[in-house]
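Report on one structure; see the data block that follows.
Coordinate-derived values only; no laboratory data. The shown structure was predicted, so the numbers you read here are calculated from the model rather than taken from an experiment. Backbone-built Cβ (ideal geometry, glycine too); neighbour counts: all protein chains shown.
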Amino acid sequence: PPHLFDWALDKGTTDGLLYGGSGPADGAGGDAAGVARARAAWSLVSRYTDTLVWVSLGNPGARVPLIEDQLGGGAAGGDWRVRRCLEVAVPLAAGASGMPEAAAAAAGAAGAIDRCWIYVCTFNPRRRDNGTPVSP
């Protein structure tokens, strides 16, 4: 079957591939090696489903271009597109940062995690990984 699952959920895997445990959560993307790792993972996901729901700390200004131009390939023929983006506010108790204590102390108040975004991404199955059209 072309798709074994209706959708897949990614809660942090792509962020981990992009940064390998370092770098800003809201950056446009990791280094070239991180983007290549994430692109390979998303390519593999596209073999099993055409919908990926990604929960990320990265804001839409950085994540949408990353998904559509780098992970999806953009002008190179990529087909991952953001169909929906939802912002989720995370209510924090007074003084809580949502981060481990040591990381919160290093980041200061500006480093508090008070929201995340959910990206509903779809893959166009009418194109192959190399960008060439698939016969209907």
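Tabulated results
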{"read-out": "Packing-based ranking, highest mean first, of 63-70, 5-12 given that Cβ atoms within 10 Å are counted", "value": "63-70, 5-12"}
{"read-out": "Estimated vicinal HN-Hα couplings, Hz - region 35-41 in sequence order (Karplus 6.51, -1.76, 1.60; Gly, Pro = x)", "value": "5, 5, 4, 5, 4, 5, 5"}
